[in-house]
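Reviewing the structure listed below.
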Amino acid sequence: MKQPISVVIICRNEAHIIGKTIEAVTAFSDDVVVVDSGSTDGTQEIVNKLGAKLIETNWEGYGPNKNKGVDAARHDWILSIDADEVVDAELAKSLQELDLNDMQTVYNIRFRAFLGNAMIRYGEWSNDQHIRLYHRKQGGWDNAAVHESLVFAEGTRTVTIPKGYIHHYTSRNMEEFAAKTVQYAMLNAHKYHLAGKKAGWFKCRMAPVFSFVKNYFFRLGFLDGAAGYTVAKMNAWYTWLKYARLREMDSDK
């Protein structure tokens, strides 16, 4: 018997991986909801073929689109993942064995990040973990367009699942990595602008340097070889883009 867990996946143009993502969660769930925001690569056909529930909608931001999937879920326990996040076999077994009697408990899950086929063990992407399994009567996603957060009622207890990982396949190649970096930088600059944050000359120039030094040297990113250097360099570029765009938006007022 499978667990009373609904899996909610948001996606757009993820035909290369959505099948793998759905198949991994059917080991413990009988309700998979995919919220698609305008795919043009055949993602929808794969979702329908695998028997998942497909919701086609426009893009309103990460938080709002995730909440659309939660609203359509059959079960109250929600596992929220992105299309490029694949539950490994050990985590699927752990989820199948969970005692889900306490709605005030939320579950923290460990991640392994990949750039292409290379697993990143150090730097900013190391030791990544997030709360992704929760009871929807206890909380839900905020409406942030990017870097969305789960908000829970008072008294919620967090438990980390000790075995298994979500494998996060961040980008297949440099073209995709660069496009995502620009997208997230622009979205976060807009978010900061709305919050009234500022970016001065010093921050624009020194924050990227600090990002690279911290992740490549202090967090041992160099031990991941060429992939570690690429991740540290791109994260520094993201930092510069974010603050440069924020400064530009401030000057346009």
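The values are calculated or read from the model by the stated rules, or taken from the named source; none is laboratory data. This structure is a prediction, so every number in the text was calculated from the model and none was measured. Every residue, glycine among them, receives a Cβ derived from its backbone with ideal geometry; neighbour counts consider all protein chains shown.
For this structure, a couple of remarks:
- Scanning segment 74-89 turns up no residue that is more than 20 Å from the chain's Cα centre (by Cα) and among the aliphatic types (A, V, I, L, M).
- First in segment 147-162 and of a type in the set (D, E, K, R), second anywhere and assigned to a strand (DSSP E or B), Cβ under 6 Å, 6 or more apart: GLU148/TRP141; ARG157/THR105
- In this structure, GLY228 does not satisfy being small (Gly, Ala, Ser), touching a residue at least 60 places away in the same chain (Cβ under 8 Å), assigned by TED's automatic domain parsing to the domain that holds ASN65 and within 27 Å of ILE17 (Cβ to Cβ).
- Considering only residues in segment 100-146 that are within 22 Å of ASP88 (Cα to Cα), free of Cβ contacts under 8 Å to residues at least 40 places away in the same chain and among the aliphatic types (A, V, I, L, M), the one that is surrounded by the fewest Cβ atoms within 10 Å (Cβ to Cβ) turns out to be MET119.
- From GLU148, GLU154, residue being over 23 Å from the mean Cα position of the chain (by Cα), of a type outside the set (A, V, I, L, M, F, W, C) and in the same structural domain as ASN127 (by TED's automatic domain parsing): GLU154
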